[in-house]
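Structure record follows, encoded as structure tokens.
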Amino acid sequence: MSDCSILVEKVVEGDWKEIARLTQEEIDSGTKPEEIILKLQAGMELVGEKYSTGEYFLPDMMKSARCMSLAFEVLKPVVESSSFGSLGKIVIGTVKSDMHDIGKNIVTGFLRGVGFDVIDLGADVSEDRFVEEVIRHQPDILGLSSLLTTTMRQIGVVIKKLEESGFRSSVKVIAGGAPITEKFAMSMGADAYAADGGQAVKVCKQLVQRS
Amino acid sequence: MTMTQKQRILEVIAGKEVDKLPFGARIDVWFNYHVAHDSLPEKYRGWSQTDIIADQGAAAQKRFFSICKEEYHDMEVVKKQEPPYEITEFITPIGTCSISLLWSVAEGPWLAYEHQKLFKTEKDYPIVKYILDHTVPVFNEQYTQERQDMGERGIVMTGTGLWGPSQRVMREIMGYELFYNEYMDRPEKVDELMESMMNLERKKLDIAIKSDLEIVNLCANWSDDIHTPVFRQYFTPWFREANAKIHEAGKFSMAHTDGEMRRLIPLFSETLIDVAEAVTPVPQTKCTMSEFRRMGDKVTLWGGIPSILFEPYVSNKEFDNYIKDFFKELQPGYRLIVGMGDNLTVAADIDRIGRVVELIDKYGKLPID
């Protein structure tokens with residue numbers, strides 16, 4: 001049985017060609033699936049840090065996310081029979097009239113990679129749909145993304161709709177996107193702000209610990 | 001004699017000394033929204049964007065069209081309206097590809113979103129390549145009209161299209177994520193597609209070179225999402241090739257660089273591009289203006305005021321302080337055109353454009369000390 005450090009290394013390197021074989025070898029050597037997952041997630045967390053510091057960018061993150069996905073394919077049969085839980089549930093989407101989804105997809109990739117259960121609603125999501133999905137999925141966190149100065153105020157519209165529906169207190173709201181600053185996010189009524197995918201991981205972990 | 005807005009911009013890019021900082025403003029998002037919602041300020045009802053910018057004392061820019069139009073040969077092109085989408089089918093002898101666009105001018109941006117990209121799966125490689133190989137660019141008469149309308153009140157700086165050729169493949173045809181997946185899985189096919197796009201772009205560049213355009217737009221919406229190795233492989237060689245021709249013709253080149261740029265900044269000077277337009281510093285991105293200045297002494301920075309500073313939640317005092325600090329940071333102020341990263345926001349007060357002009361007159365005389 002190994003310490004799985006090779007898996008951390010491969011996720012950080014984004015070496016997706018090797019990851020499935022190495023994951024299978026870890027399983028075959030008797031390493032617990034939970035331990036393997038924790039190591040894969042630790043790798044993804046390091047990728048998040050490198051992304052936040054500007055060392056890694058979209059394609060690096062995509063390679064690492066592909067590693068996670070391939071490793072989880074191998075782990076699927078053994079994980080399904082285990083009781084390994086997620087860090088929390090997050091509903092995420094880009095707000096109405098905004099078709100941009102790269103930033104949101106990056107955040108989704110990181111959050112899934114470190115163990116959150118993420119329901120991605122896509123782009124151009126109306127305030128009504130956000131509220132419906134919060135009611136349906138009862139997430140711990142709602143993630144709102146906006147890339148345009150023309151759509152960023154929609155973050156406030158979604159939060160107001162949540163308040164009107166009586167579900168605001170049931171969920172923490174995190175906002176982000178190119179024109180969004182912490183000051184603006186807070187002025188719209190969000191609980192938290194993240195500048196990028198790496199920071200989103202840290203902030204979401206704090207939010208679920210607090211709730 | 002006082003220089004015109006256009007003269008001042010061109011002199012700055014040429015590295016010559018001018019009396020004060022030029023200010024090239026951009027208000028199309030604000031303008032489109034308020035026209036669509038019939039909410040333009042009373043004074044400006046019925047005015048054009050250029051007229052409004054000129055009234056505020058700033059220079060206008062026009063770059064939201066191409067100097068070329070595309071004609072498609074040996075294929076059938078069918079446009080269908082399926083509101084809110086506009087679908088274009090390219091029916092070629094070897095197969096059909098379609099693109100679905102969503103226009104949302106009423107909310108501000110004039111740009112179409114590719115709701116569904118032209119390239120969707122591996123099977124589309126030969127068809128998209130066929131479309132590119134059978135596309136013929138021709139001069140777009142709109143350019144002549146736009147140039148006439150602009151006059152000396154600013155500058156028309158369009159080019160072969162909005163995106164550079166490699167970015168058009170990455171962003172418009174495939175989308176960044178699919179591109180990077182294809183780049184990982186089928187690099188040789190990506191290469192072939194890029195070469196077809198470059199060949200088309202060369203023909204378009206010839207049209208731009210032969211025109212009286214002074215500044216050729218080579219690329220737009222840069223950000224660090226364009227991976228450095230990909231930039232060096234596909235972007236830099238094309239920019240160097242294009243700039244050799246542009247400079248030989250006595251013209252300048254520009255790129256619209258309004259994204260997160262930290263990793264691309266050191267590569268900018270390799271491209272030989274003359275103007276980095278819409279540079280957007282903190283708090284809207286992670287880069288300071290001093291970092292942008294590291295693009296090189298020969299690069300003219302156009303920008304510096306993040307759009308969000310025009311938002312009502314930023315006080316007049318905060319706004320003024322930002323502009324004054326910005327001038328100080330960039331002193332003595334050469335190779336600098338004040339501009340916005342990248343647009344006036346919908347909720348903004350248009351008179352803040354005029355306020356920037358006032359602050360330039362007070363603090364932006366060159367050299368800034």
Check your understanding: Where residues in region A:1-41 are within 14 Å of chain B (Cβ to nearest Cβ) and over 20 Å from the mean Cα position of the chain (by Cα), which of them is surrounded by the fewest Cβ atoms within 10 Å (Cβ to Cβ)?
Key -> A:K17
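In the set B:T228, B:T236, which member is of a type in the set (S, T, Y), surrounded by fewer than 21 Cβ atoms within 10 Å (Cβ to Cβ) and within 14 Å of chain A (Cβ to nearest Cβ)?
Working: B:T236 fails: within 14 Å of chain A (Cβ to nearest Cβ).
Exactly one of B:T228, B:T236 is of a type in the set (S, T, Y), surrounded by fewer than 21 Cβ atoms within 10 Å (Cβ to Cβ) and within 14 Å of chain A (Cβ to nearest Cβ), namely B:T228.
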**Study point:** Tally, over region B:354-366, of residues that are touching a residue at least 60 places away in the same chain (Cβ under 8 Å) and either crowded, with 24+ Cβ neighbours inside 10 Å or closer than 21 Å to B:E11 by Cβ (or both)
**Key:** 7
Review point. If you go through region B:324-340, how many residues are within 12 Å of B:I368 (Cβ to Cβ) and of a type in the set (A, V, I, L, M)?
Key: 3
Revision key, fill the gap. If we ask which residues in region B:242-263 are within 14 Å of chain A (Cβ to nearest Cβ), within 25 Å of B:L200 (Cβ to Cβ) and among the basic types (K, R), their number turns out to be 0
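Could you look through region B:125-168, keep only residues that are acidic (D, E) and in contact (Cβ under 8 Å) with a residue 60 or more places away in the chain, and pick out the one that is farthest from B:Q49 (Cα to Cα)?
Step one: list which residues in region B:125-168 are acidic (D, E), which gives B:133, B:141, B:146, B:149, B:152.
If we keep only those that are in contact (Cβ under 8 Å) with a residue 60 or more places away in the chain as well, we get B:133, B:146, B:149, B:152.
Working: B:D133: 37, B:E146: 12, B:D149: 11, B:E152: 15 Å.
Among those that are acidic (D, E) and in contact (Cβ under 8 Å) with a residue 60 or more places away in the chain, it is B:D133.
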**Study point:** Pairs where the first residue, in region B:173-195, is at the interface with chain A (Cβ under 10 Å from one of its Cβ atoms) and the second is aliphatic (A, V, I, L, M) and surrounded by fewer than 19 Cβ atoms within 10 Å (Cβ to Cβ), C-beta under 6 Å, 6+ apart
**Key:** B:Y176/A:I102
Practice item. Take region A:177-193 and flag every residue that is crowded, with 21+ Cβ neighbours inside 10 Å, within 13 Å of chain B (Cβ to nearest Cβ) and small (G, A, S). Key: A:G177, A:A178, A:A185
Check your understanding: For region A:32-42, does any single residue satisfy the condition of being at pLDDT below 90 and among the polar types (S, T, N, Q)?
Key -> yes
Point to revise | Subset of region B:295-318 [within 14 Å of another protein chain (Cβ to nearest Cβ) and under 25 Å from the mean Cα position of the chain (by Cα)] | key: B:I305, B:P306, B:S307, B:I308, B:L309, B:F310, B:E311
Exercise for review: Only one of these is among the aliphatic types (A, V, I, L, M) and within 14 Å of chain B (Cβ to nearest Cβ): A:L142, A:L147. Name it.
Suggested key: A:L147
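The values are calculated or read from the model by the stated rules, or taken from the named source; none is laboratory data. Given the structure is predicted, the values throughout are model-derived calculations rather than measurements. Neighbour counts are summed over all protein chains in view; Cβ atoms, including those assigned to glycine, are modelled from backbone coordinates with ideal geometry.
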